[in-house]
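The values are calculated or read from the model by the stated rules, or taken from the named source; none is laboratory data. Model, not experiment: these values are computed from the prediction. A quick note on method: Cβ atoms are made from the backbone with ideal geometry, for glycine too, and the neighbour counts reach across all protein chains shown. Calculation scope for accessible area: heavy atoms of the full protein, side chains included, ligands and nucleic acids excluded. Shrake-Rupley method; radii C 1.70, N 1.55, O 1.52, S 1.80 Å.
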Amino acid sequence: MLSATRIHADQATVTVVSDTKDITDWALRYFGGWWNAISVEVPTPDTGVIAGGGALLLADVDSKRLTDIETLVGDYDHDEVDYTNARTLVARHEDGAIYAIQPAERLAYHYDPAAGRLVIVGAHAEPVAVAASRLARELICGQLLRAGFHILHASCVVRDGRALLTFGPKGAGKTTSALLLAREGYELLANDRVFIRPERDGLRILPWPSAAAIGFGLLDSTGLYEPLRARVLIGEEMHPTQDQRVTDALHAGSKKPIWNAKGKELKPQFFPDQLTSILRMKLCAEANAAALLFPTVNADAKPHVTDTPRALGEEDFFTGKTEDRYPDIFRLAPTKAAPVTDLADRLAQLPRRALVLNHCSGHSAELLAKSAELLPE
């Protein structure tokens, strides 16, 4: 029996329809806390897509359709790309349709840009659900970019509608700052990137829903490791991108960091709703930018404020050129991005503070909270 989940962010909309309710329930869970996801009646051939327009995403377990698209892509000229860290073959038909397969994952895609319809089929429900949520986000993203939003590489917390954006390269402390401030009573809007658009009354920020990766050290220092482990021991399922070695470590009670062959730390991966149910954070769906934070982490230093907050650079504005895991294989984003000049100028006018944090979560949280409170209104 068909079921549907409608996802709505600002004026962007996508409806996920499936004959497998677990797939639409996954989308409901993934986007409900941030992007107003709700269960809706299924569109019929007589009524078309649900009122409100937007994109339509059809996702199902369908071995025959999967085989058909695999054969079609094999017969067409196709390109090979790395998409979501998986080998992906992409074929573009002369009528504009785009077909893609991920052989190892047994997933296949068909995008019809003229109809605004994306089809995902696979051999098993969970990979289809993961792919459907990811592509639902990309469909929304394309609509938001066309509506004048930009993407910042920043975490974000909110109090009284005022958003604190935290910038820095990987390892600088974006997620740490967001988690510590959320533990101090701030609402979490995003842990890695946000949508932002200049408007008459401010810089409007929307979240980028995603799984959140939080390392063992930070979880332990904030007292969150044991609550997480307790939930895992009674059967709580974490996001499927979590490495099995992390799950095994949680069962064993190990807090020792785990590294893969490329030197990347493997971390617990949380569904968005688990940020609330396990980590007790309150989520925020939108806010106006009020101030900027620039942390760095130095394990040997005492937490302190530094004198020279840096200016924003190209690395802080997220573009297709900086994306590696999710190349735009279905051409969902606009070919020409909106200019960032006005946004950059308005961000430059906001108060800012640079901080040095260490591995003592209590002292770092105290500095972050005091710094946030002292920023001008």
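Take the Cβ-Cβ distance between A115 and T335 as r, set R0 to 22 Å, and report the resulting FRET efficiency rounded to the nearest 0.05.
Working: r = 19 Å, r/R0 = 0.88.
E(calc), rounded to 0.05, equals 0.70.
Percent relative contact order of region 56-213, based on C-alpha pairs within less than 8 angstrom and at least six residues apart? List each step's numbers first, then the result.
On the way: 262 pairs, mean separation 26.0, N = 158.
Relative CO of region 56-213 lands at 16 percent.
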Next on the checklist: What whole-number distance in Å separates the alpha-carbon centres of region 63-109 and region 237-307?
Outcome noted: 34 Å
Checklist outcome for this item: To the nearest 0.05, the calculated FRET efficiency linking Y76 and A285 through their beta-carbon distance, R0 being 45 Å, is 0.60
Checklist entry - At what distance in nm do the modelled label points of T276 and Q349 sit from each other, each positioned 7 Å from its Cα along Cα→Cβ? => result 3.5 nm
Checklist outcome for this item: With all protein chains in place and a 1.4 Å probe, S63 shows an accessible area in Å² (nearest 10) of 70 Å²
Next on the checklist: Please report the carbon-and-sulfur percent of the accessible area for region 116-253; probe 1.4 Å, protein heavy atoms only, DNA, RNA and ligands left out.
Outcome noted: 48 percent
Item to check | For region 1-46, accessible area per residue (1.4 Å probe, heavy atoms of protein chains only), Å² | outcome: 48 Å²
Checklist entry - Using a basic spin-label model with each label point 7 Å from the Cα along Cα→Cβ, how many nm lie between Q11 and A123? => result 4.4 nm
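Assuming 0.36 nm per residue, please report the length gained on full extension of the stretch N36 to K264 beyond their Cα-Cα distance.
Numbers: separation 228, 0.36 × 228 = 82.08 nm, distance 3.33 nm.
Once the chain is fully extended between N36 and K264, it gains 78.7 nm.
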Item to check | Solution diffusion estimate, µm²/s, Stokes-Einstein, the chain, Kirkwood Rh from C-alpha pairs, 25 °C, viscosity 0.890 mPa s | outcome: 112 µm²/s
Checklist outcome for this item: Mean-square fluctuation maximum in Gaussian network of the chain, Cα pairs under 10 Å, restricted to E94, E265, E187, hits E94
Checklist entry - If each of C360 and D68 carries a label point 7 Å out from its Cα toward its Cβ, how far apart are those two points in nm? => result 6.5 nm
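Students often get this wrong, so check it: of K256/K282; K264/K302; K170/K267, which have C-alpha atoms separated by over 22 Å? Please list the in-between numbers first.
Numbers: K256/K282 28 Å; K264/K302 26 Å; K170/K267 14 Å.
In this structure, K256/K282; K264/K302 exceed 22 Å between Cα atoms.
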Next on the checklist: List residues of region 141-185, by number, whose backbone nitrogen lies under 16 Å from a label position 7 Å along Cα→C-beta of T306.
Outcome noted: 166-174, 177
Item to check | Per-residue SASA entry for D192, accessible area with 1.4 Å probe, Å² rounded to 10 | outcome: 50 Å²
Next on the checklist: Keeping every protein chain present and rolling a 1.4 Å probe, give me the accessible area per residue for region 289-377 in Å².
Outcome noted: 60 Å²
Next on the checklist: With +1 assigned to the C-beta of every Lys and Arg and -1 to the C-beta of every Asp and Glu, and no other charges, what is the dipole magnitude of region 88-192 about the Cα centre in debye, to the nearest 20?
Outcome noted: 260 debye
Checklist outcome for this item: 1/(1 + (r/R0)^6) with r = Cβ-Cβ of T296 and Q244, R0 = 30 Å, i.e. FRET efficiency to nearest 0.05, evaluates to 0.40
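Give the percent of DSSP beta bridges with both residues in the chain that are antiparallel, rounded to the nearest 5.
75 percent
Let me have the 222 nm mean residue ellipticity of the chain computed from DSSP H runs of 4+ only, each contributing -39500 (n - 2.57), with the sum over all residues rounded to the nearest 500. All intermediate terms of the calculation are to be shown ahead of the outcome.
Values: 10 runs with 106 residues, N = 377.
Mean residue ellipticity, 222 nm, calculated: -8500 deg cm²/dmol.
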Checklist entry - Taking only C-alpha pairs under 8 Å that are 6+ residues apart, what is the relative contact order of region 137-242 in percent? => result 23 percent
Checklist entry - Say we join alpha carbon atoms closer than 10 Å with springs in a Gaussian network model of the chain; which of D82, D22, D248 then has the biggest fluctuation? => result D248
